[in-house]
1. Using packing as a proxy for protection, rank 259-267, 25-33 so that the peptide with the highest average count of other Cβ atoms within 10 Å comes first.
2. Bin width 10 Å, origin at 0, all Cα-Cα pairs of the range 1-75: what percent of pairs per bin?
3. What value, in deg cm²/dmol to 500, does the helix sum -39500 (n - 2.57) over DSSP H runs of n ≥ 4 give at 222 nm once divided by the residues of the chain?
4. Between residue 7 and residue 24, how many nm apart are label points set 7 Å from Cα along the C-beta direction?
5. Using Cα pairs closer than 8 Å and at least 6 residues apart in sequence, work out the relative contact order for the range 79-210, in percent.
6. With a ≥ b ≥ c taken as the square roots of the eigenvalues of the C-alpha gyration tensor of the range 160-289, please select rounded if a/c is under 1.5 and otherwise prolate if a/b is larger than b/c or oblate if it is not?
7. Give the separation of the Cα centroids, the range 219-280 to the range 152-184, in Å.
8. Suppose a student asked you for the relative contact order of the chain, using Cα pairs under 8 Å spaced at least 6 residues apart; what percent would you report?
């Protein structure tokens, strides 16, 4: 495992751009200067500022971390593809534009679907993969995510809160505390913040999620790399049963389900999740089941 020599924290990490086929992709990186980098792939409607600093900084304490806005998202140019396959191709192009030949992937929610596409389309690029709050393509009910999100958006409008209060965390005392802490962490970055996602990008992501939910299942036996699958036990968006099914279909996967948590279980339980993720990335032991 590499040791970080750069003391920059996520809240202060500068935003860079790299040309990917004539389109400027926005990204931030921090952490170790050697070893296999960990590329972060984000959720529906998210931009760089939506990554939990405790996850980024925790992983970056021992690894080079790269997080980016995929095509058409945030400060990255172009238009969002209408399929997760297209998003996967763009992620592959971004990784190669940075001159990287081998990476680990951290995919959360929609980003987990994109990570699977990267592993299926360019397996030689991927060493290890963490899939959090996500499931396999073609999973029953995955296309219902959008109805759930719509209901959460109505609740958010009525209460003047971010919809992730309802989508990521259970409405229990502990879940509400976790949500409050999570949103406080997202505000730690004061300057150089990312652009908000556009309406076109949101609609394209909606179309991609619907298509993925209604697609034929992928042959996940082709993904032979080690995979750490994580989710909460009360995920409204991607049921933990989908995560468990995905772990069963992946030939080299381990599964952790965090109790009393939802879609954002890895954020709510970051104190347990980060050490488990580091152990997995280091290959020093199996993640807990």
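1. 259-267, 25-33
2. With a bin width of 10 Å, the distribution comes to 21, 51, 26, 3.
3. -11500 deg cm²/dmol
4. Here the answer is 3.1 nm between the modelled labels.
5. For the range 79-210, the relative contact order is 29 percent.
6. Oblate, since a/c reaches 1.5 and b/c is not below a/b.
7. 21
8. Relative contact order of the chain: 20 percent.
Just so you know, all these numbers are worked out from the coordinates, no wet-lab data involved. This structure is a prediction, so every number in the text was calculated from the model and none was measured. Virtual Cβ from ideal backbone geometry, glycine too; neighbours counted across all protein chains shown.
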